[in-house]
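Engineer: Dropping a structure here in structure tokens format, bear with me for questions.
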Amino acid sequence: MSEARLSNLIENAPLDAYTTFGVKQYAHFLIEVNNLPELYVAVEFARDNHLEVMVLGSGSNVLFVRDFPGLIIIVRLTGIVQESPTRLRIGAGEDWHNLVKWTLANNLFGLENLALIPGTVGAAPIQNIGAYGVEIERFVKRVHVFDTHLAKNLDFERDACDFAYRDSLFKRAPRGRYIVLEVELELSDSDAPVLTYPALAERFDADEQVTAEQVYHAVCDIRRSKLPDPKVVGNAGSFFKNPVISAEKFLKISEKNEDVPAFPLENGDFYKLSAAWLLDKAGWKGRKRGLAGVFDHHALVLVNHGGATGEDIFLLAQEMSSSVLHKFGIALQPEVLIV
Ligand SMILES: Cc1cc2nc3c(=O)[nH]c(=O)nc-3n(C[C@H](O)[C@H](O)[C@H](O)COP(=O)(O)OP(=O)(O)OC[C@H]3O[C@@H](n4cnc5c(N)ncnc54)[C@H](O)[C@@H]3O)c2cc1C
């Protein structure tokens, strides 16, 4: 093994600069890889030293509650290749929002509703990122990965990725098994924006001919007004997923709460409820527990007011989900990966 290729390796690496929560936990080892040979050497190093592997992009969907005893690999593989007029192959380390801007500048449409989601392209299929009525799964053609268990590269076609709401085969797999190298997306060359999401539809007149560029700017405006910038205050966006409950349970809740925002699923047998609304009703907006807190404008966003530990934030999240369980009988599941 070439020592030169492991020259990036950091021992006892502080993780605050590598996650948007900015909590100070440590990784036994951390390495940033810029190409495939560096990645393979890093995986070999972990195998030879019996270290668990975890991959990070921008760390915008992770909360470390303790030190990580293994090797963290930060994937920095870059490049955008136009395989056909509408097909792109993108390196896992590319910044997601930059990709969205690149597509619009090149008259490729579809990603505009997903503007300003922090993070890398490689992480996007892991939890099937979604916003404003669109999820990435509708554009994924295939995902190229390195399988650390089989020690070989594999391709997953879209159906094999088993995408679901904030979920995929990759998210359910053992941690560190699949390292996403590239994502292939099939976009559209016709400008046909999706305006189904109420907050977006309200921005435009019903008979207006809306362009993808306008949707992009509207999404950026809404997001900037609602969500804290992780560069200013540590956070990981929505901490919990929107819960899916039975129609029977939904009826009980809506009898007492006519304003509960909910979307019917599977012909109305199930409903997806707004976790933000549940937490708001439970009185969480703007509350603090020491250095951890809940964002003033959004009850679903936990924040690090500066110096909070991962455990502080985790305990607050537990308190919040217990209160929703107590008040509504609904168990919230974290969207953020707790490590
Ligand atoms: C302010 C804010 C707003 C947000 N809004 C949204 C939103 O609207 N919709 C949404 O879906 N998400 C949202 N998120 C969450 C986050 O942006 C996404 O989940 C994003 O895809 C995470 O990218 P990342 O590179 O930071 O991944 P990380 O946080 O580094 O990692 C997330 C997961 O992906 C895995 N992973 C990362 N890279 C790779 C790779 N190359 N190969 C294999 N596994 C990998 C990690 O192991 C981890 O399990 C938001 C976060 C913030 C801070």
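Engineer: Residue 214 - would you say it is assigned to a loop (DSSP other than H, G, I, E, B) and either near the ligand (Cβ under 10 Å from one of its atoms) or not assigned by TED's automatic domain parsing to the domain that holds residue 53 (or both)?
Structural biologist: No; evaluated as a whole, the condition is false for this residue.
Engineer: In addition: Quick one: which residue in 206, 218 is over 22 Å from residue 19 (Cβ atoms) and buried (at least 17 other Cβ atoms within 10 Å of the Cβ)?
Structural biologist: Going through 206, 218 in turn, just one is over 22 Å from residue 19 (Cβ atoms) and buried (at least 17 other Cβ atoms within 10 Å of the Cβ): 218.
Engineer: Right, another one. Among the residues of the stretch 30-39 satisfying the criterion of being part of a helix (DSSP H, G or I) and touching a residue at least 40 places away in the same chain (Cβ under 8 Å), which is nearest to residue 176 (Cα to Cα)?
Structural biologist: My answer is 39.
Engineer: To continue, here is another question. Within the group 89, 5, 47, which residue is away from the ligand (no atom under 14 Å from the Cβ), under 24 Å from residue 147 (Cα atoms), at pLDDT 95 or above and touching an Asp or Glu at 6+ places or on another chain (Cβ under 7 Å)? Don't jump to the end; show me each part of the working.
Structural biologist: Values: 5 fails: at pLDDT 95 or above; 47 fails: touching an Asp or Glu at 6+ places or on another chain (Cβ under 7 Å).
From the options 89, 5, 47, the qualifying one is 89.
Engineer: Check 17, 27, 42 and return the single one that is outside any helix (DSSP H, G or I) and more than 10 Å from the ligand (Cβ to nearest atom).
Structural biologist: 27
Engineer: When the stretch 253-295 is examined, which residues are found to be within 19 Å of residue 312 (Cβ to Cβ) and in contact (Cβ under 8 Å) with a residue 24 or more places away in the chain?
Structural biologist: 279, 284, 289, 292, 294, 295
Engineer: On to the next question. Counting only residues that are surrounded by fewer than 16 Cβ atoms within 10 Å (Cβ to Cβ) and modelled with pLDDT of 95 or more, which one in the stretch 178-196 is farthest from the ligand (Cβ to nearest atom)?
Structural biologist: The initial filter retains those residues of the stretch 178-196 that are surrounded by fewer than 16 Cβ atoms within 10 Å (Cβ to Cβ), namely 188-190, 192, 196.
Next, only the ones that are modelled with pLDDT of 95 or more stay: 188-189.
Values: 188: 21, 189: 25 Å.
Checked the stretch 178-196; the qualifying residue farthest from the ligand (Cβ to nearest atom) is 189.
Engineer: Let me ask you something else. Determine whether residue 229 is free of Cβ contacts under 8 Å to residues at least 24 places away in the same chain, outside the structural domain of residue 321 (by TED's automatic domain parsing), in a helix (DSSP H, G or I) and within 16 Å of the ligand (Cβ to nearest atom).
Structural biologist: When the stated conditions are applied, residue 229 does not pass them.
Engineer: Would you check which residues across the stretch 186-217 are within 24 Å of residue 99 (Cα to Cα), of a type in the set (Phe, Trp, Tyr) and out of contact with any Phe, Trp or Tyr (no Cβ under 6 Å at 6 or more places or on another chain) and list them?
Structural biologist: Hit for the stretch 186-217 is 216, nothing else.
Engineer: Could you check, for the stretch 240-251, whether at least one of its residues is within 16 Å of the ligand (Cβ to nearest atom), assigned to a strand (DSSP E or B) and crowded, with 19+ Cβ neighbours inside 10 Å?
Structural biologist: Yes: the stretch 240-251 contains one or more residues that are within 16 Å of the ligand (Cβ to nearest atom), assigned to a strand (DSSP E or B) and crowded, with 19+ Cβ neighbours inside 10 Å.
Engineer: Would you mind finding the one in 93, 130 that is touching a Leu at 6+ places or on another chain (Cβ under 6 Å) and of a type outside the set (D, E, K, R)?
Structural biologist: Among 93, 130, only 93 is touching a Leu at 6+ places or on another chain (Cβ under 6 Å) and of a type outside the set (D, E, K, R).
Engineer: If you scan the stretch 118-153, which residues turn out to be more than 20 Å from residue 32 (Cα to Cα) and touching a residue at least 60 places away in the same chain (Cβ under 8 Å)?
Structural biologist: Across the stretch 118-153, the qualifying residues are 127, 131, 132, 133, 134.
The values are calculated or read from the model by the stated rules, or taken from the named source; none is laboratory data. On a predicted model such as this, the values are computed, not experimentally measured, just so you know. When we count neighbours, we look across all protein chains shown, and the Cβ atoms used for this are built from the backbone with ideal geometry, even at glycine.
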